[in-house]
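Below is one structure, written out as structure tokens; comments come after it.
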Amino acid sequence: MNKDVIHIDTEDDITSIIGKIKSSKERIIALVPPRRIGVLQSAVNIRLLARAAKSADKRVVIITSDNVLAGLAATADIPVAKTLQSKPEIAEIPALKVDDNDVIDGGQLPVGDMADSAHKKPKDDKGVNGANTPDAANKNKSPGNSAKSNKKKPKIPDFNVFRKKFALIGGGLLLLIIFLVWATWFAPHATVIITAKTTGVKVSETVKLTTDDTVSAKNDSIKVQKRELQKEISVEFAATGKKNVGEKATGSVKFSNSSKNSVTIAAGTILKNNDLSYMLSSSVTVPAATLSWDCSDRTCPGTATASVRAAEGGSQYNAASGSMSISVDGIKASLMSPTSGGTDKTATVVTASDVASAKSKLNEQKDNGLKNQLAGSFGSSAKVITDSYSENRSELVPSVAVDSEASGSVLLKSTITASMLAADKSDIKSFIDAKIREDDIGDKKSQKIYDSGVDKVEFSQFTDRGGVQSLVVTANGKIGPEIDETKVKEQAKGRTYGDVQSSIESIEGVEDVDVKFSPFWVRSVPNDIKKVKVEFKLKDAK
């Protein structure tokens, strides 16, 4: 069967509801009251609804889960349902609770009252005869006995539960108070963002680089720091020379001196025989000539002997005999016996050309990682002068000397000492700021440097002449109006967004003002200027 659903508004009165019921075309009408019962909380209005529905031959159902409204509907025989789909039924009226104080115990009546009641006769004898019937038994039950049977034992309150509830409620209130104090006095912060009009200025100066502790814009000098790194590099090569490294032949030589003075011949002096060179093993002193009738020309030369060794190994130095040439005036030399002991043994040796070829390969080696490592050692606070990078290489030393036997690969080593210069960004900024104040701001006290351009500064034309180093510094700075941060904070404190904008935008040179509040519930700038931050944004003037 179809039904009509009528939703009751809180503004509807009982007359309008009855009118909707009567005007409905359906016989079954479901009334859906608002969450706040309103007009239906009156028992009189509920009875009026029931009477109107009955006169219009309609069946009314109230859709509610409210126990109070369900009880009122039950008094007027109006069924209720919790939802539009559930089955409607008339709610049960809760039983009346009897207070023990309202029950009169017959045992507590005065004796006279009890006597009067005892002399009273029943209206008819049926009450007596029917006392044993169930109905009579029920009627004879005193209200006091019924109330006593329904009386519940009193409950003892649990104080532990009470304490827990009290602690939870107290803790919650304490946290709420702490939050309110924090949110009101400590949390509020504000950031005033000022966009200022700026003018670009360019600085391009040739400066001297110095290691002194001063930066002078007047003298056009900037302090730099120098760092060095060392790294050993090497190259392997194969020896290509051949040499007889056999045993060296030896022999004894007799020296004669015809001069009037003794002569000392140093060790290592070269003596030659048939174009073969021999070296004196140790120094020898040849005495002066003496006069004697036993010698021809009556002059007897002084003599001395010493051993010699072949300049190189080999059997070709054996069997040498006879006189030997020597580059010492007045001295003659001759072998006392043929030389012997020389043997042949061919070995691979390092030649000068081998070393030269390896040196060329070593010079071609480049280590870009060394340059990058050196540049990174200055850190982010410094600006590296890339063109100042230089390398010095130590003297090349082969692991096997020239003309020496090489049993395997030969290693040629050198040590690279790399150096680079860098300037601290704070020193560069000081120099650029001084130049801008000197050349662009001058006596304009209302102007301020907003950006020196140090983050994008460029170095070029680096030179190093006789230990005097210089380069060209180029930077693009920005200057604009002088705005006192403290005054801005004083102007902004305690004001709302619009008030801050209007007061600060009146300052000359200010393009725009924005205010950021924190946390989200803050709507005005704190009165404590320590909680106010001022940020500047730059906008180039057209």
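Which of these values of semi-axes √(5λ) of the Cα gyration tensor in Å was calculated from the structure shown: (1) 108, 48, 20; (2) 43, 26, 23; (3) 129, 44, 26?
Entry (3).
Using alpha-carbon pairs under 8 Å, 6+ residues apart, how would you state the relative contact order of region 393-435 in percent?
Here the relative contact order equals 37 percent.
Quick check for you: which residues of region 250-264 have the amide N under 13 Å from the point 7 Å beyond the Cα of Ser334 toward its beta carbon?
The answer is 253-257.
Using θ = phi - 60° and the Karplus relation 6.51 cos²θ - 1.76 cosθ + 1.60, list the HN-Hα couplings for region 238-254 in order, rounded to whole Hz, with x at every Gly or Pro.
Those phi angles translate into 9, 6, 10, x, 10, 8, 7, 10, x, 5, 8, 6, 10, x, 10, 10, 9 Hz.
For helix 425-436, what angle does its Cα long axis make with the longest principal axis of the chain, in degrees from 0 to 90 and rounded to 10?
Rounded to the nearest ten degrees, it is 90.
Over the chain, what is the relative contact order in percent, taking alpha-carbon pairs closer than 8 angstrom and at least six residues apart? Show your work: numbers first, answer last.
Values: 982 pairs, mean separation 88.3, N = 542.
About 16 percent, as a whole number.
With contacts defined as alpha carbon pairs under 8 Å and 6 or more residues apart, what's the relative contact order of region 450-520 in percent? Please list the in-between numbers first.
On the way: 68 pairs, mean separation 16.1, N = 71.
With pairs under 8 Å counted, the relative contact order is 23 percent.
Less than 11 Å Cβ to Cβ from Glu535, Lys/Arg counted +1 and Asp/Glu -1: what total charge do the surrounding residues give?
Around Glu535, the charge tally is +1.
Take the Cα of Thr191, step 7 Å along the line toward its Cβ, and report every residue of region 509-524 whose backbone nitrogen sits under 16 Å from that point.
Counting backbone N atoms under 16 Å from the label point, the list is 513-522.
How would you rank Ser23, Ser262, going from fewest to most other Cβ atoms within 10 Å of each one's own Cβ? Don't skip to the answer; put the middle values down first.
Values: Ser23 10, Ser262 13.
Ordered from fewest to most neighbouring Cβ atoms within 10 Å, Ser23, Ser262 come out as Ser23, Ser262.
Rounded to the nearest 0.05, what FRET efficiency is calculated for Gln41 and Glu92 with R0 set to 25 Å and r the Cβ-Cβ distance?
0.80
Output wanted: per-residue J couplings in Hz (rounded whole) for region 11-18, from phi through Karplus 6.51 cos²θ - 1.76 cosθ + 1.60, θ = phi - 60°, x for Gly and Pro.
With coefficients 6.51, -1.76 and 1.60, one gets 7, 5, 9, 5, 5, 5, 5, 4 Hz.
In what sequence do Asp514, Asp77 fall when counting other Cβ within 10 Å, fewest first?
Listed from fewest to most nearby Cβ atoms, that is Asp77, Asp514.
Students often get this wrong, so check it: of Lys197/Lys489; Lys383/Lys533; Lys54/Lys87; Lys226/Lys371, which have C-alpha atoms separated by over 22 Å?
From the list (Lys197/Lys489; Lys383/Lys533; Lys54/Lys87; Lys226/Lys371), the Cα-Cα distance tops 22 Å for Lys383/Lys533.
Order these by the 10 Å Cβ neighbour count, fewest first: Glu438, Glu364.
Glu364, Glu438
Go through region 341-352 residue by residue and turn each phi into a ³J(HN,Hα) via Karplus (6.51, -1.76, 1.60, θ = phi - 60°); whole Hz please, and just put x for glycine and proline.
Whole-Hz 3J(HN,Hα) from phi for region 341-352: x, x, 10, 9, 7, 8, 9, 7, 10, 7, 9, 5.
Set the Förster radius R0 to 60 Å, insert the Cβ-Cβ distance between Thr264 and Gln230 as r into 1/(1 + (r/R0)^6), and round the FRET efficiency to 0.05. Don't skip to the answer; put the middle values down first.
On the way: r = 48 Å, r/R0 = 0.80.
For R0 = 60 Å, the calculated efficiency reads 0.80.
Only loop residues by DSSP count here, and only those with at most 13 other Cβ atoms within 10 Å; note down the trypsin sites (Lys or Arg not before Pro) in region 215-300 that meet that.
Taking region 215-300 and a limit of 13 other Cβ atoms within 10 Å, the loop trypsin sites (Lys or Arg not before Pro) found are Lys218, Lys260.
Distance between the C-alpha centers of region 9-51 and region 420-436? Whole Å please.
Using only Cα atoms, the two centres lie 87 Å from each other.
Amide H of Thr198 versus every other amide H placed in the peptide plane: which residues, excluding those fewer than 5 positions away on the same chain, fall under 5 Å?
Close amide H contacts, sequence-distant or interchain: Lys539, Asp540, Ala541.
Rounded to the nearest 10 degrees, what's the angle between the helix 43-55 long axis and the longest principal axis of the chain, both from Cα atoms, 0 to 90?
70
Using 19 Å as the cut-off for backbone N distance, which residues of region 241-266 belong to the label zone defined by a point 7 Å from the Cα of Ala356 along Cα→Cβ?
Those under the cut-off are 241-243.
Taking H placed 1.01 Å from N in the peptide plane, check which residues at least 5 places from Ala382 or on another chain put their amide H under 5 Å from its amide H.
For Ala382, the qualifying residues are Lys425.
Between Phe166 and Thr184, what is the label-point separation in nm under the 7 Å Cα-to-beta-carbon projection?
Distance between label points: 2.7 nm.
Suppose R0 equals 30 Å. What FRET efficiency, 1/(1 + (r/R0)^6) with r the Cβ-Cβ distance, do Glu391 and Asn476 give to the nearest 0.05?
0.35
What's the center-to-center distance, using Cα atoms, between region 348-383 and region 297-332 in Å?
After rounding, the separation between the Cα centres reads 52 Å.
Just so you know, all these numbers are worked out from the coordinates, no wet-lab data involved. Only a predicted model underlies this, so the values are computations on that prediction, with no experimental measurement involved. Every residue, glycine among them, receives a Cβ derived from its backbone with ideal geometry; neighbour counts consider all protein chains shown.
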